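In what follows, a structure is listed as C-alpha cells, so that the remarks can point back to it.
Every number in this text was worked out from the coordinates using simple rules, so none of it is lab data. Being a predicted model, the structure only gives us computed values, none of them experimental. When we count neighbours, we look across all protein chains shown, and the Cβ atoms used for this are built from the backbone with ideal geometry, even at glycine.
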Amino acid sequence: MNLDFSQIVPYIPFMLEGIWVTLQFVFVAIIFGFILGTVLALFKIGSIRPLRWFADAYTSIFRGTPLILQLMIIYFAIPQLTGYDIQPFLSAVLAFGLNSSAYVSEIIRAGIQAVDKGQTEAAQALGVPYRQMMIDVILPQALKNILPALMNEFITLTKESALVSTISYLDLMRRAQVVGADLYRNFEPLLFVGLLYWLMVMGLTILGKLVERRLRLSD
C-alpha cells in the first residue's frame with residue numbers, strides 16, 4: 001500500500017481549523033432550522049387553512065428536492081436575480097436551515113400530536129391561552145419524546161455539511177481537497193478528515209444521550 005501520512009502532517013493545523021468553520025455554519029443552520037421548523041409545525045396543526053397549505057407545500061418542496069440543488073440555487077440564483085453577491089457562509093446557512101426546517105417541522109408536529117389530549121383539555125379547562133399552553137405545556141412534553149429524532153436530524157445535517165465544499169466554502173471537506181491537490185495525494189487527507197467527521201458525530205451522539213438522560217431523570 002502506497003500510504004504516507006507523514007506528508008499531511010504540516011497541513012494538519014489547516015485541516016483542524018475546518019472543524020470550527022464547519023460547526024460554525026452547522027450550529028447557526030440548526031438553530032435557524034429548529035425555530036422555523038417549530039413555526040411550520042404550529043402552522044400544520046393550526047386551524048388557519050392557508051397556513052396549513054403553505055407549511056405542507058414548503059415541506060413537500062424542501063423534502064422532495066436534493067439539498068445540493070437547493071444550495072446551488074441559493075448560491076447562484078440570488079446573485080443572478082438580485083445582483084447581491086451572497087457569501088458561501090450565508091448560502092450554506094440558508095440552504096441547510098431551510099432544508100432542515102422541513103424535516104424538523106414533521107418531527108415536531110408528530111411529537112405535539114403524540115402528547116396526551118388530556119393535557120390540552122386540562123389546560124383549556126383552566127383557561128390557559130393557546131400560545132401559553134403550547135409554550136409551557138405541550139412543547140416541553142413533545143420535545144422530550146422527539147429528542148432522539150431531533151438529534152438524528154442534527155447529526156445528519158453535520159455529515160451533509162460536506163456538500164458546501166461544492167461552493168468553495170473552506171469546510172473540512174474542502175480543506176481535504178485543497179491538501180490533496182497540493183500534495184497530489186488525496187487518500188490520506190480524506191481519511192484524516194473522515195476521522196474528524198466521525199469524532200464530531202460521536203460527540204453529538206454522546207451529547208444527545210446525556211441530554212436525553214437528564215430529561216428522563218427530571219420527570
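Once the Cα atoms are used to define both axes, helix 88-114 deviates from the longest principal axis of the chain by about 30 degrees. Each part gets one Cα centre, and for the range 133-203 versus the range 1-48 those centres are 5 Å apart. Taking Lys and Arg as +1 and Asp and Glu as -1, the other residues whose beta-carbon sits under 14 Å from that of Val164 total +1. By how many degrees, between 0 and 90 and to the nearest 10, does the Cα long axis of helix 172-183 differ from the longest principal axis of the chain? Taking the Cα atoms of the chain, the angle to 172-183 is about 10 degrees.
For the range 27-110, the Cα-based Rg and Dmax, in that order, read 13.5, 40 Å.
Potential lengthening of the chain between Lys144 and Leu90 amounts to 16.3 nm, from the contour at 0.36 nm per residue minus the alpha-carbon distance.
Of the chymotrypsin sites (Phe, Trp or Tyr not before Pro) in the range 58-159, the ones in a loop by DSSP (not H, G, I, E or B) with at most 14 other beta carbons within 10 Å are Tyr84.
Counting only lysines at least 8 places from Lys159 when in the same chain, those with an alpha carbon closer than 23 Å to its own are Lys209. With neighbour counts taken as other beta-carbon atoms within 10 Å, the residues Ile73, Ile206 rank, fewest first, as Ile206, Ile73. The relative contact order of the chain, computed from alpha carbon pairs under 8 Å that lie at least 6 residues apart in sequence, is 27 percent.
Taking the C-alpha atoms only, the angle from helix 12-45 to the longest principal axis of the chain is near 20 degrees. Put a plus charge on the Cβ of each Lys and Arg, a minus charge on the Cβ of each Asp and Glu, and nothing anywhere else: the dipole of the range 1-159 about its Cα centre is then about 500 debye. Among the lysines, select those whose C-alpha is under 23 Å from the C-alpha of Lys117, and discard any that sit fewer than 8 residues away in the same chain. Counting by Cα, and skipping residues close in sequence, Lys117 has these lysines nearby: Lys44, Lys144. Within the listed set Ser47, Ser161, Ser91, the Gaussian network model of the chain (springs between alpha-carbon atoms below 10 Å) gives the highest mean-square fluctuation for Ser47. Checking (1) 29, 25, 16; (2) 34, 19, 15; (3) 39, 23, 12 against semi-axes √(5λ) of the Cα gyration tensor in Å calculated from these atoms, the matching label is (3).
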